[in-house]
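Contents: one structure, followed by commentary.
Only the coordinates and a few stated rules stand behind these numbers; no lab work does. Please read these numbers as outputs of a predicted model, since none were measured by experiment. Because the Cβ atoms are built from the backbone with ideal geometry, glycine has one as well, and the counts that use them run over all protein chains shown.
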Amino acid sequence: MNAMEIISAARDQIAALTSLPVDTVSRFKREGDGWVVEIELVEMRRIPNSSDVLATYQIQLDSDGSLLSYQRTQRYYRGQVKE
């Protein structure tokens with residue numbers, strides 16, 4: 001699988017598992033025989049949208065793009081600067 005197929009598989013699988021909308025992919029890396037993808041999901045929509053609550057999820061996939069594990073690593077407000 002190429003990079004775009006891996007990222008697409010990660011997006012589809014995490015959205016299906018969490019029922020949360022994907023905001024963006026922030027990291028993609030080959031690790032051993034698999035892949036690590038970090039995806040930002042919208043956990044809570046608010047008005048104004050700069051106060052939306054987002055979360056970073058780290059997803060581990062095997063070489064075929066099948067999900068091995070995922071975990072939420074961070075929560076933050078959309079308008080918050082991440083360091």
Original post:
Of all residues in the stretch 58-83 being touching an Asp or Glu at 6+ places or on another chain (Cβ under 8 Å) and touching a residue at least 60 places away in the same chain (Cβ under 8 Å), which is surrounded by the fewest Cβ atoms within 10 Å (Cβ to Cβ)?
Top reply: SER63
Subject >> Tally of residues being out of contact with any Leu (no Cβ under 7 Å at 6 or more places or on another chain) and more than 17 Å from ALA10 (Cβ to Cβ) across the stretch 32-73 >> reply: 10
Original post:
What are the residue pairs meeting all of these: first residue in the stretch 1-23, first residue touching a residue at least 12 places away in the same chain (Cβ under 8 Å) and more than 12 Å from TYR70 (Cα to Cα), second residue assigned to a helix (DSSP H, G or I) and among the acidic types (Asp, Glu), Cβ atoms under 9 Å, and 6 or more apart or on different chains?
Top reply: VAL22/ASP12
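Residue-wise test of (1) among the acidic types (Asp, Glu); (2) closer than 16 Å to THR73 by Cβ.
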{"residue": "MET4", "(1), (2)": "no, no"}
{"residue": "SER8", "(1), (2)": "no, no"}
{"residue": "GLN13", "(1), (2)": "no, no"}
{"residue": "ASP23", "(1), (2)": "yes, yes"}
{"residue": "PHE28", "(1), (2)": "no, yes"}
{"residue": "VAL36", "(1), (2)": "no, yes"}
{"residue": "ARG45", "(1), (2)": "no, no"}
{"residue": "ASP52", "(1), (2)": "yes, no"}
